[in-house]
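Chemist: Submitted below is the structure of interest, expressed as structure tokens.
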Amino acid sequence: MKTYGNFVGGKWSKSKKTMPVVSPYSEKIIARVAQSSAKETEHVIRAAREAFDNGPWPRMTPGERATWLFKLADELEKNTETLSSLESTNQGKSWKMSHDSDIPFGIDNLRFFAGAGRTLQNQTAGNYAAFDEKGEHKPAGFSILKREPIGVVGAITPWNYPFMMACWKIGPALAAGNTMVLKPASATPLTTLEIASCAEKIKFPKGVLNVVTGSGKEVGETLASSKNIDMIALTGNTETGKRIQQLPSVNVKKTHFELGGKAPFIVLEDANIEEAAQGALIGGLINSGQDCTAATRIYVHEKNHDAFVKSLIEKCKHVKMGNPLDKSTDLGPVVSKEHYERVMHFIKGASKQGAKVAYQSVVPKEGWFVPITILTNVKQNSDVCQKEIFGPVFSILSFSSEAEVIRKANDVAFGLASSIWTQDGRRALQIGNRLRFGEVWINEHGPLASEIPHGGYKQTGSGHDLSIHALEEYTQLKHIYFDLTRKVRKPWHYTVVGKP
């Protein structure tokens with residue numbers, strides 16, 4: 001069994017305390033990691049602060065930083081097999097999802113941001129101030145706008161996509177010239193620590209990427225309150241985001257939050273029912289439903305309701321649940337016993353609020369498996385419709401009009417992702433314009449790309465991951481002004497002292 005310390009200033013440090021990491025399938029301890037104190041966390045933060053204030057990283061050219069990020073991506077790619085097995089063992093997701101989706105997509109993210117950092121542009125120059133000399137307007141100054149790194153970024157990643165979310169934070173933050181302290185979720189830190197191992201192997205510049213493990217109370221709150229952290233980037237639940245905003249801090253930090261989601265999946269009367277049911281199956285069961293964009297709130301036109309439910313049930317019957325490392329497994333367990341109990345509480349509570357269980361799968365005896373559950377007769381104001389379940393649970397509601405479904409789709413606290421299923425492209429765009437969600441998929445649910453921004457409205461948070469827009473989030477805009485008048489007393493000075 002491997003024991004990990006913190007990765008600080010390019011090397012590993014030991015912690016006084018460690019905590020176990022448990023497999024959600026075997027329910028056995030698979031590793032131990034540092035249970036860092038606030039004091040130990042501050043030590044890691046100081047390494048990142050020193051690297052930013054006095055190290056070469058912020059002062060490198062974008063091309064030089066890109067070279068290092070490409071080296072890191074190449075080293076991670078060499079270890080794809082190991083990382084995939086470790087991700088599935090630690091998090092519980094299927095091996096094929098780790099190997100063919102999460103790990104390669106995370107590596108692609110790093111490569112995208114390595115290149116994007118070299119193309120980060122702004123309105124770079126121009127004459128915007130003028131003075132009048134004998135009736136003739138002349139430029140008073142020359143302005144340059146440039147983007148600079150913010151400083152030290154404290155990044156906190158979730159347990160549902162440990163490797164991928166780490167790459168979503170590392171890529172733009174480091175490409176922009178920041179240094180970073182990265183805290184992975186306590187339940188799923190192992191692939192993030194292996195990213196640090198790969199950084200060590202290629203001799204990545206010291207102090208630029210630092211990884212610290214421990215509880216949210218000790219590590220997360222220390223990052224949020226430390227004077228040496230300039231920005232907090234969090235992917236997690238809304239409650240954590242609110243807590244971070246409420247913590248006292250000795251400086252004003254920029255925040256970048258991607259929080260909860262409750263995606264509406266709208267099936268109009270002209271939709272291809274088989275196509276929509278297949279889309280719901282994939283969109284709802286991705287990562288065992290542990291996804292902020294998961295299609296768990298499904299609105300089906302009353303004309304198609306019964307046919308859709310029947311088709312979805314038949315498709316669910318063919319889903320294979322089992323050992324995540326079995327390459328034929330479709331659905332693994334949820335991440336922990338605690339989360340298993342949370343999801344089961346939602347399912348049991350749904351019946352008390354009037355919902356009916358239309359289908360429920362049989363689950364393996366070993367591991368924290370939640371049965372695939374299809375709920376019908378779901379009420380709009382019920383918990384399973386309003387709150388993020390984060391499990392393989394489908395809540396199905398019917399509607400009779402376009403106005404009704406738009407109103408119900410928008411009637412949640414979150415606004416991350418949504419989808420519309422129809423054969424009428426014009427109608428899809430009209431409805432999409434009225435949905436208050438950062439992502440609207442048409443006849444599909446789930447695709448993301450490194451080049452396309454990912455973020456949302458309302459309590460989903462602020463800012464975007466992925467794309468050039470995410471890179472800009474990790475920069476500070478600076479204005480530099482050159483006077484062109486060559487005058488001691490500038491034309492506008494009289495407005496403060498003297499006469500025109």
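The values are calculated or read from the model by the stated rules, or taken from the named source; none is laboratory data. Since we're looking at a predicted model, the values are computed, not measured. Glycine gets a Cβ as well: all are built from the backbone with ideal geometry, and neighbour counts include every protein chain shown.
Chemist: Which one is nearest to VAL393 (Cα to Cα), of the residues in the range 352-372 that are in contact (Cβ under 8 Å) with a residue 60 or more places away in the chain and crowded, with 18+ Cβ neighbours inside 10 Å? Give the derivation first.
Modeler: Quick first cut of the range 352-372, residues in contact (Cβ under 8 Å) with a residue 60 or more places away in the chain only: 366-368, 370, 372.
Now narrow it down to the ones that are crowded, with 18+ Cβ neighbours inside 10 Å: 367-368, 370, 372.
Details: GLY367: 18, TRP368: 15, VAL370: 9, ILE372: 6 Å.
Step by step, filter the range 352-372, then rank; the result is ILE372.
Chemist: Yes or no: VAL378 in contact (Cβ under 8 Å) with a residue 24 or more places away in the chain, more than 28 Å from the chain's Cα centre (by Cα) and crowded, with 17+ Cβ neighbours inside 10 Å? Give the derivation first.
Modeler: Details: in contact (Cβ under 8 Å) with a residue 24 or more places away in the chain: yes; more than 28 Å from the chain's Cα centre (by Cα): yes; crowded, with 17+ Cβ neighbours inside 10 Å: yes.
Criteria met by VAL378.
Chemist: Collect the residues in the range 461-497 that are at pLDDT 95 or above and over 30 Å from PRO62 (Cα atoms), keeping them in residue-number order.
Modeler: VAL496, VAL497
Chemist: Whether any residue in the range 421-428 is surrounded by fewer than 23 Cβ atoms within 10 Å (Cβ to Cβ) and β-branched (Val, Ile, Thr) is what I want to check.
Modeler: Filtering the range 421-428 for residues surrounded by fewer than 23 Cβ atoms within 10 Å (Cβ to Cβ) gives 422-428.
Filter once more, keeping what is β-branched (Val, Ile, Thr): 422.
Yes, the range 421-428 contains at least one residue that is surrounded by fewer than 23 Cβ atoms within 10 Å (Cβ to Cβ) and β-branched (Val, Ile, Thr).
Chemist: Determine which member of the set ILE282, ILE286, ILE347 is touching a strand residue (DSSP E or B) at 6+ places or on another chain (Cβ under 6 Å), surrounded by fewer than 24 Cβ atoms within 10 Å (Cβ to Cβ) and part of a helix (DSSP H, G or I). Walk me through it before giving the result.
Modeler: Numbers: ILE282 fails: touching a strand residue (DSSP E or B) at 6+ places or on another chain (Cβ under 6 Å); ILE286 fails: touching a strand residue (DSSP E or B) at 6+ places or on another chain (Cβ under 6 Å).
The conditions single out ILE347.
Chemist: Which members of the range 134-167 meet the condition of being in contact with a Gly (Cβ under 8 Å, 6 or more places away or on another chain) and part of a strand (DSSP E or B)?
Modeler: Answer for the range 134-167, where residues must be in contact with a Gly (Cβ under 8 Å, 6 or more places away or on another chain) and part of a strand (DSSP E or B): PHE142, SER143, GLU148, PRO149, ILE156.
Let's see how each residue does on (1) among the hydroxyl-bearing types (Ser, Thr, Tyr); (2) at pLDDT below 95; (3) in contact with a strand residue (DSSP E or B) (Cβ under 8 Å, 6 or more places away or on another chain):
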{"site": "LEU209", "(1), (2), (3)": "no, no, yes"}
{"site": "THR213", "(1), (2), (3)": "yes, no, yes"}
{"site": "LYS242", "(1), (2), (3)": "no, yes, no"}
{"site": "LYS262", "(1), (2), (3)": "no, no, yes"}
{"site": "ILE266", "(1), (2), (3)": "no, no, yes"}
{"site": "ALA271", "(1), (2), (3)": "no, no, yes"}
{"site": "ALA276", "(1), (2), (3)": "no, no, yes"}
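Chemist: Just the residues that are touching a helix residue (DSSP H, G or I) at 6+ places or on another chain (Cβ under 8 Å), small (Gly, Ala, Ser) and surrounded by fewer than 22 Cβ atoms within 10 Å (Cβ to Cβ), please, taken from the range 27-57.
Modeler: ALA31, SER37, ALA38
Chemist: A further question on this structure: Tell me whether the range 27-45 contains one or more residues that are aliphatic (A, V, I, L, M), within 19 Å of SER197 (Cα to Cα), in contact (Cβ under 8 Å) with a residue 40 or more places away in the chain and not in a strand (DSSP E or B). First the steps, then the outcome.
Modeler: Let us first name the residues in the range 27-45 that are aliphatic (A, V, I, L, M), namely 29-31, 33-34, 38, 44-45.
Next cut, within 19 Å of SER197 (Cα to Cα) only: 30-31, 33-34, 44-45.
Applying the additional criterion that residues be in contact (Cβ under 8 Å) with a residue 40 or more places away in the chain yields 30-31, 33-34, 44-45.
From what is left, the residues that are not in a strand (DSSP E or B) are 44-45.
The answer is yes; a qualifying residue exists.
Chemist: Among the residues in the range 342-351, are any touching a Leu at 6+ places or on another chain (Cβ under 6 Å), over 23 Å from LEU86 (Cα atoms) and touching a residue at least 24 places away in the same chain (Cβ under 8 Å)?
Modeler: Here is the first cut: in the range 342-351, the ones touching a Leu at 6+ places or on another chain (Cβ under 6 Å) are 350.
With over 23 Å from LEU86 (Cα atoms) added as a condition, the list becomes 350.
Okay, now just the ones that are also touching a residue at least 24 places away in the same chain (Cβ under 8 Å), so 350.
Yes, the range 342-351 contains at least one residue that is touching a Leu at 6+ places or on another chain (Cβ under 6 Å), over 23 Å from LEU86 (Cα atoms) and touching a residue at least 24 places away in the same chain (Cβ under 8 Å).
Chemist: Could you list, in sequence order, the residues of the range 94-133 that are in a helix (DSSP H, G or I) and of a type in the set (S, T, N, Q)? So that I can check it myself, show each step before the final result.
Modeler: If we filter the range 94-133 for residues that are in a helix (DSSP H, G or I), which is where we start, we get 95-116.
Correct list: SER98, SER101, ASN109.
Chemist: Residues that are among the β-branched types (Val, Ile, Thr) and farther than 30 Å from GLY126 by Cβ: find the helices (runs of 4 or more DSSP H) completely inside the range 382-500 holding 1 or more of those.
Modeler: Helices (runs of 4 or more DSSP H) meeting the threshold: 383-386, 402-410, 425-434.
Chemist: Any residue at all in the range 482-500 that is touching a Leu at 6+ places or on another chain (Cβ under 9 Å) and farther than 20 Å from ILE232 by Cβ? Explain how you work it out, then say what you get.
Modeler: Just the residues of the range 482-500 that are touching a Leu at 6+ places or on another chain (Cβ under 9 Å), to begin with: none.
No.
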